[in-house]
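First up is the structure itself, then whatever we jot down about it.
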Amino acid sequence: MKAFRAADAPARPADPATFSGAATTARLAADAAGTPVHVYRVEFAPGSRTHWHTHSGPQWLFVTDGRVRAQTLGADAIDLTAGDVVVFAPNEKHWHGAAPGSSGAHLAFNVNLTTEWLEPVTDVEYGA
């Protein structure tokens with residue numbers, strides 16, 4: 001058994017090269033030895049969001065607080081609330097962040113993947 005303590009994973013401001021607006025991230029768990037899964041808690045202030053990006057493996061998002069908006073390229077954005085879950089397939093171009101007018105938080109489970117960060121989500125894309 002291996003325990004990961006939340007107190008050992010302080011929240012840090014999200015990288016402005018990959019996020020728009022105020023957000024924090026905390027890597028809660030990572031175990032490259034045998035279990036290639038990384039778990040992050042991401043908190044989004046109103047209006048904040050990731051940039052468009054892809055992953056080489058699946059990414060699962062478990063919404064824990066507030067409202068989170070997610071969108072894949074070419075599809076309508078969806079709004080999620082606490083208890084909702086969304087999964088992005090490998091290489092699916094997408095973004096996620098706070099739903100308009102709300103803050104939100106999710107746990108991200110990244111399964112054996114690398115992330116390719118792309119362009120920012122425009123205000124028009126975010127509001128659509």
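Restricting the search to strands (runs of 3 or more DSSP E) fully inside segment 1-71 and requiring at least 1 residues that are of a type in the set (Asp, Glu) gives 23-31, 35-44. For segment 84-101, filtering for residues that are buried (at least 18 other Cβ atoms within 10 Å of the Cβ) and either of a type in the set (A, V, I, L, M, F, W, C) or part of a loop (DSSP other than H, G, I, E, B) (or both) leaves 4. Residues that are under 19 Å from residue 39 (Cβ atoms), under 13 Å from the mean Cα position of the chain (by Cα) and without any contact (Cβ under 8 Å) to a residue 60 or more places away in the chain within segment 69-127 comprise 70, 80, 85, 86, 87, 88, 94, 96, listed in sequence order. Quick check, is residue 120 exposed (fewer than 15 other Cβ atoms within 10 Å of the Cβ), at pLDDT 95 or above and not β-branched (Val, Ile, Thr)? Answer is no for this residue.
Report yes if some residue within segment 49-56 is more than 29 Å from residue 8 (Cβ to Cβ) and either modelled with pLDDT of 95 or more or of a type in the set (A, V, I, L, M) (or both); otherwise report no. Yes, segment 49-56 contains a residue that is more than 29 Å from residue 8 (Cβ to Cβ) and either modelled with pLDDT of 95 or more or of a type in the set (A, V, I, L, M) (or both). Selection of segment 70-83 for residues being more than 24 Å from residue 112 (Cα to Cα) and surrounded by 13 or more Cβ atoms within 10 Å (Cβ to Cβ) yields 77, 78, 79, 80, 81, 82.
Here segment 16-61 is the region considered, the condition is being of a type in the set (A, V, I, L, M) and without any contact (Cβ under 8 Å) to a residue 40 or more places away in the chain, and the residue that is surrounded by the fewest Cβ atoms within 10 Å (Cβ to Cβ) is 33. Filtering 56, 48 for residues that are within 24 Å of residue 82 (Cα to Cα) and under 16 Å from the mean Cα position of the chain (by Cα) leaves a single hit, 48. Report yes if residue 65 is more than 21 Å from residue 128 (Cα to Cα), surrounded by 14 or more Cβ atoms within 10 Å (Cβ to Cβ) and modelled with pLDDT of 95 or more, otherwise no. So residue 65 fits the description; yes.
The values are calculated or read from the model by the stated rules, or taken from the named source; none is laboratory data. Note that the structure is predicted; figures quoted are calculated from it, not measured. Cβ coordinates were reconstructed from backbone atoms using ideal geometry, including for glycine residues, and neighbour counts include every protein chain displayed.
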